[in-house]
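*Asks:* Got a structure for you, questions after.
The values are calculated or read from the model by the stated rules, or taken from the named source; none is laboratory data. Since the structure is predicted, the reported quantities are computational estimates derived from the model, not experimental observations. Here the Cβ positions follow ideal geometry from the backbone for every residue, glycine too, while neighbour counts run over all protein chains shown. Note: areas computed on protein heavy atoms with side chains; ligands, DNA, RNA excluded. Shrake-Rupley method; radii C 1.70, N 1.55, O 1.52, S 1.80 Å.
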Amino acid sequence: MRSRQRLLAAGMRLLLRCLRLGRRRRFWLVRQGEHLWRYGHLCLRSLLYNSFTNGDVVLDSLFEPVYWLVDHVTRWFGVVFVALVIVLTSSVVAIVYICLLPLILQTYPPGWICWHLAYGHWNLLMIVFHYYMAITTSPGYPPQAKDDLKGVSICRKCIAPKPARTHHCSICNRCVLKMDHHCPWLNNCVGHFNHRYFFSFCLFMTMGCIYCSISGWDMFRDAYAAIERMKLLEKERLQVAANQTYYQTPPPTFSFRQRAFHKSIVYLWVLCSSVALALGALTLWHAALITRGETSIERHINKKERQRLQKKGKVSAAPGSPGPAKEEPSSTCPSGLQVFRNPYSYGVWNNWKVFLGVDVPRHWLTRVLLPSPHQPHGTGLSWDVPPCVREQRAPLLAI
């Protein structure tokens, strides 16, 4: 009897303890809900009662979860993209060596053989070198201490000095010197110290894809016709087997080696042509930016700033050309308004020389047409006139 009473009392105590814990848990959930409601109410009030709020700020706030998801997916899948580039490039090189090179050696005259061997291996060397340097070279990061940096601001996200032309990368979660963009195919930011490697890789990869597409056009047509013939003969063979007419001779079948050969040729041509179109457009876009002395981010910044100043009537409506100073000897137009121009542009020819690091004429061979690990002009912290720029620019509206 006593043991039964003790068990009943123990059960009651356990029940009361569970109820007490459940009550505490319920109160904790209520407090968390109140905290989230107050935080959301504060965020909403900050959006509605902020004098700087406009449609762009509201859209950015609404799409912030999407931006966060894209940044994290790009960060984690960067290695996958790099592996994909290596695998696709290696497959094309293997097909060229196994399938195309024997045909070239057997059917082409000696002059064309020397041309294909020389150009193909040079282009492959340039692609491999610049891609390796682009993914392994740091884009450049500003120092955490201000020290003697001139004209720096403070980054709102990493709370650190932010020199001119420096921008914060949300994927790398740090500021990058002369940032252009974060490239998932490199798993790295494109900045001051690896911008040339990135553009050179895009240029030589496009040239290599165009070379493979043009050189393999006749082989692609023959391989495609052979594959269609394979499908037709396979259909005839199935029809013969279904009719069970033993007196008919079944159509010949293609061997596995022949099928693999023709399908490899089609795969190579389709892949190279697609990459040539997509990457060629990207290369032309970056070439236009380099010609104007801008990065992808600076292009949008300059465009918005030009529109803002035009609305205020401080600059002319004519677009400020980033060309050489001799085309615009004065910083004012005939109407008396100033002309908006990129302060980091030294003229079309000089922009390319600064970007490629060409100081003397022989550098076009040793630094452009041959692999070269030379560093770009400057440290990325200050933007003085490089030594290769001999012409002095006219006074500009420094924006």
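*Asks:* Looking at the structure I just gave you, is Lys231 open to solvent by 50 Å² or more (accessible area, probe 1.4 Å), at pLDDT below 85 and touching a strand residue (DSSP E or B) at 6+ places or on another chain (Cβ under 7 Å)?
*Replies:* Against the criterion (open to solvent by 50 Å² or more (accessible area, probe 1.4 Å), at pLDDT below 85 and touching a strand residue (DSSP E or B) at 6+ places or on another chain (Cβ under 7 Å)), Lys231 does not qualify.
*Asks:* So if I check each of Tyr141, Tyr119, Tyr132, which one is farther than 21 Å from His195 by Cβ and out of contact with any Pro (no Cβ under 7 Å at 6 or more places or on another chain)?
*Replies:* Tyr119
*Asks:* Any chance region 106-118 includes a residue that's within 30 Å of Trp68 (Cβ to Cβ), among the aliphatic types (A, V, I, L, M) and in a helix (DSSP H, G or I)?
*Replies:* Scanning region 106-118 turns up no residue that is within 30 Å of Trp68 (Cβ to Cβ), among the aliphatic types (A, V, I, L, M) and in a helix (DSSP H, G or I).
*Asks:* Scan region 210-227 and tell me whether some residue there is at pLDDT 95 or above and closer than 28 Å to Asn342 by Cα.
*Replies:* Looking for residues that are at pLDDT 95 or above and closer than 28 Å to Asn342 by Cα, one finds none in region 210-227, hence no.
*Asks:* Further question: Considering each residue of region 349-394, count those that are open to solvent by 40 Å² or more (accessible area, probe 1.4 Å), touching a Ser or Thr at 6+ places or on another chain (Cβ under 7 Å) and modelled with pLDDT under 90, and give that number.
*Replies:* 0
*Asks:* Something else now. Across region 285-305, which residue is farthest from Trp349 (Cα to Cα) among those that are surrounded by fewer than 19 Cβ atoms within 10 Å (Cβ to Cβ) and under 14 Å from the mean Cα position of the chain (by Cα)?
*Replies:* Ile297
*Asks:* Moving on. If you check every pair at least six apart or on different chains, which have Cβ atoms under 7 Å apart with a residue in region 371-399 that is part of a loop (DSSP other than H, G, I, E, B) first and a residue that is among the basic types (Lys, Arg) and at pLDDT 80 or above second?
*Replies:* Final answer for the pair search is His374/Arg367; Pro376/Arg196; Gly380/Lys178; Trp383/Arg165; Cys388/Lys353.
*Asks:* Then there's this: Given the conditions (1) closer than 30 Å to Tyr97 by Cα; (2) part of a helix (DSSP H, G or I); (3) modelled with pLDDT under 80; (4) open to solvent by 60 Å² or more (accessible area, probe 1.4 Å), which single one is not true for Ala278?
*Replies:* Unmet for Ala278, out of (1) closer than 30 Å to Tyr97 by Cα; (2) part of a helix (DSSP H, G or I); (3) modelled with pLDDT under 80; (4) open to solvent by 60 Å² or more (accessible area, probe 1.4 Å): (3).
*Asks:* Test Thr74 against the stated conditions and say whether it is of a type outside the set (A, V, I, L, M) and in contact (Cβ under 8 Å) with a residue 40 or more places away in the chain.
*Replies:* Spelling it out, Thr74 is indeed of a type outside the set (A, V, I, L, M) and in contact (Cβ under 8 Å) with a residue 40 or more places away in the chain.
*Asks:* List every residue pair whose Cβ atoms lie under 7 Å apart, where the two residues are 6 or more positions apart in sequence or sit on different chains, the first residue falls within region 154-175 and is on the phi > 0 side of the Ramachandran plot, and the second residue, located anywhere, is of a type in the set (A, V, I, L, M, F, W, C).
*Replies:* Close Cβ pairs satisfying both conditions: Arg165/Trp383.
*Asks:* Let me ask something else about it. Return the residues of region 134-188 that are at pLDDT below 85, outside any loop (DSSP other than H, G, I, E, B), surrounded by 16 or more Cβ atoms within 10 Å (Cβ to Cβ) and among the β-branched types (Val, Ile, Thr); say none if nothing qualifies.
*Replies:* none
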